[in-house]
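Take a look at the structure set out below.
The values are calculated or read from the model by the stated rules, or taken from the named source; none is laboratory data. None of these values were measured; they are calculated from a predicted model. Ideal geometry is used to build each Cβ from the backbone, glycine not excepted, and the neighbour counts take in all protein chains shown.
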Amino acid sequence: MPKDNHIRVVADNAALDLCRQVFPPFLDRRQDLGVGLRPPAPRLPLLRPQDVVDAVKKLQDHSTSCPSSISQRAALAALDMDAGYYSSIKTKFQERRDLIISYLDDRLKEFVSYIKPQGAFYLFINIAKTKLDSFDFSRRFLEESYVAVIPGGPFGCSSWIRISFAASAEEIKKGLQRLEMFLIKLKTEQLTQV
């Protein structure tokens with residue numbers, strides 16, 4: 001574990017409180033004023049201890065001059081928001097995640113598998129059974145079904161796609177129905193080529 005080995009983890013934690021249910025012990029959850037804001041959230045990191053701040057400043061000084069005024073204003077507004085707002089957003093993300101997982105389990109198990117997300121508002125789906133790599137799958141799904149997904153190739157996962165559950169439940173249902181029809185179409189194509 002990073003804490004045991006004196007390793008510091010720097011990560012984009014802005015959505016953790018919205019989605020994560022189990023937190024690694026090395027994770028300091030007080031690090032970002034963007035936590036809980038709807039993605040894409042304006043982010044202002046809060047760093048501790050001082051040696052980390054000094055090291056990050058050396059890197060950051062050469063890449064940006066300061067957070068934008070929009071991010072600063074959004075951070076101030078976030079500090080004044082009622083905690084109930086964040087709780088309701090977290091609940092919505094969990095409901096949307098569970099909607100996708102339920103649909104995949106109930107209707108698409110023969111076509112795909114997935115990794116249940118523990119700290120994000122997207123889900124990785126294994127599409128290996130389609131015999132398409134993630135780029136071809138994503139391109140065809142967009143062109144033929146008008147649904148955008150993210151290819152897993154850039155993440156080192158050429159047999160996986162990434163889908164977001166930051167959209168409304170209604171849009172997610174439409175996307176899942178189109179995914180089902182697309183997967184059936186791909187299976188039919190495979191059967192006719194044999």
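Here are a few things to note about the model shown:
- Selected residue [farther than 24 Å from SER164 by Cβ and modelled with pLDDT under 75] from PRO40, PRO24, PRO67: PRO67
- Index of the failed condition, ILE163 passing every other in (1) crowded, with 19+ Cβ neighbours inside 10 Å; (2) of a type in the set (Val, Ile, Thr); (3) free of Cβ contacts under 8 Å to residues at least 60 places away in the same chain: (3)
- Scan of region 68-110 for residues that are under 30 Å from LYS131 (Cα atoms) and of a type in the set (A, V, I, L, M, F, W, C), ordered by number: LEU99, ILE100, ILE101, LEU104, LEU108
- Only one of the listed residues (LEU132, LEU104) is farther than 30 Å from ALA78 by Cα, in the same structural domain as GLU189 (by TED's automatic domain parsing) and touching a strand residue (DSSP E or B) at 6+ places or on another chain (Cβ under 7 Å). That residue is LEU104.
- Residues that are in contact with a Phe, Trp or Tyr (Cβ under 7 Å, 6 or more places away or on another chain), buried (at least 17 other Cβ atoms within 10 Å of the Cβ) and over 26 Å from GLN94 (Cβ atoms) within region 106-133 comprise just one, THR130.
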